[in-house]
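Enquirer: Got a structure for you, questions after.
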Amino acid sequence: MQTRTSSVNIEVIKGIDLTIEDGEFCVFVGPSGCGKSTLLRMIAGLEDITDGTFAIGRAIVGQPETFLFDEPLSNLDVELRVHMRTQISELHSRLKRTMIYVSHDQVEAMTLADKIVLLRGGKIEQVGSPRDLYERPQNLFAAQFIGAPKMNIFELEGDFSSLRERLRLPADAHYCGIRPDSFDIVADGDGILSATVRLVEYLGNACLVHAEIKGHDTIIIEQPVGTHLSPGNRISLSSGPDAVHVFSKDGCRID
């Protein structure tokens, strides 16, 4: 599929093969420029696309068979976004119509969708339920795009080569990923990694600990609010094998 700009052909959507079931709530998500709005417009044809809260009301009155939303909540403040997200979800439950929704916000995607289509560079990276994408990301891009804070990724070479044995990873594993909430802080010597605390962010319901590991960028660890840590503290980290995501050298998931 191609779209034309001036006299130059630019391939925006590349070999998309996608089935959306009747009555399904499908969300296209991905970084800016990934082709999600272009794909929506290709699906739309002559159908109207809803791109604002007032347009949502007009669309409901029209009772279309399929609702098409192009980031309708992007200009709203946080409180109103949450309210409208709930309203759209309830609307889908009531009308049981097919809804296709474009968003750059993964929270919208995770909370609204029956099916998420994750796009990058005009290609589909992964299709599945929110749980599928969060618990079984099929590549490094999906692993780091879905989930906030994003998954910590370690290349199993040099300083991190010992993780392969400690976590009992397969021989063809080249990267492993651990989500921030899958780390435990344990006694010195009992962990798989040692780190130095650089920053602690208090979020009310949790703390995000930014820590530095030798030979690695800063990682993020999510901890309960009762965790008392300060910059400069040394910590030992552990994680169970079941919480570790494993990827090959080309970034594909290994099960």
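Enquirer: Hey, what do the phi angles of the range 167-182 turn into as Karplus ³J(HN,Hα) couplings, whole Hz, using 6.51/-1.76/1.60 and θ = phi - 60°, x for Gly and Pro?
Expert: 9, 6, 8, x, 5, 8, 6, 10, 10, 10, x, 9, 6, x, 8, 9
Enquirer: Can you give the helix-only mean residue ellipticity at 222 nm for the chain, where every DSSP H stretch with n ≥ 4 adds -39500 (n - 2.57) and the sum goes over all residues, rounded to the nearest 500 deg cm²/dmol? Numbers along the way, then the final one.
Expert: Values: 7 runs with 61 residues, N = 255.
It lands at -6500 deg cm²/dmol.
Enquirer: May I pose another question? Can you tell me the 0 to 90 degree angle between the C-alpha axis of helix 53-62 and the longest principal axis of the chain, rounded to 10?
Expert: Once rounded, the angle reads 50 degrees.
Enquirer: OK, next. Under 19 Å Cα-Cα from residue 115, which aspartates and glutamates qualify once same-chain neighbours fewer than 8 residues away are excluded?
Expert: The reachable aspartates and glutamates, counting only those whose Cα sits under 19 Å from residue 115, are 17, 21, 22, 24, 65, 70, 71, 90, 105, 125, 132, 135.
Enquirer: To the nearest 10 degrees, how steeply does helix 78-95 sit against the main Cα axis of the chain, on a 0 to 90 scale?
Expert: Helix 78-95 sits roughly 60 degrees off the main axis of the chain.
Enquirer: Given a Förster distance of 22 Å, report the FRET efficiency between residue 255 and residue 159 from their Cβ-Cβ distance, rounded to the nearest 0.05. Let's see the in-between values first.
Expert: Values: r = 26 Å, r/R0 = 1.18.
That gives a FRET efficiency of 0.25.
Enquirer: Testing the spin-label approximation: label points 7 Å from Cα along Cα→Cβ at residue 65 and residue 111. State their distance in nm.
Expert: Going by the 7 Å Cα→Cβ label model, 3.2 nm.
Enquirer: Among 20-32, 86-98, 178-190, 104-116, how do they line up by average Cβ neighbours within 10 Å per residue, starting with the highest?
Expert: On the way: 20-32: 17.7, 86-98: 14.2, 178-190: 15.7, 104-116: 19.8.
Per-residue Cβ counts within 10 Å, averaged per peptide and sorted highest first, yield 104-116, 20-32, 178-190, 86-98.
Enquirer: Let me see the pair-distance distribution of the range 9-145: every alpha carbon pair, 10 Å bin width, integer percents in order.
Expert: All Cα pairs considered, the percentages come to 12, 46, 34, 8, 0.
Enquirer: Hey, another quick one. By what distance, in whole Å, do the Cα atoms of the chain stretch along each of the three principal axes, largest value first?
Expert: 64, 41, 34
Readers should treat all values here as calculations from the given coordinates under stated rules, not as data from a laboratory. None of the values given here were measured: they were computed from a predicted structure. Heads up, the Cβs are rebuilt from the backbone with ideal geometry, glycines too, and the neighbour counts pull from every protein chain shown.
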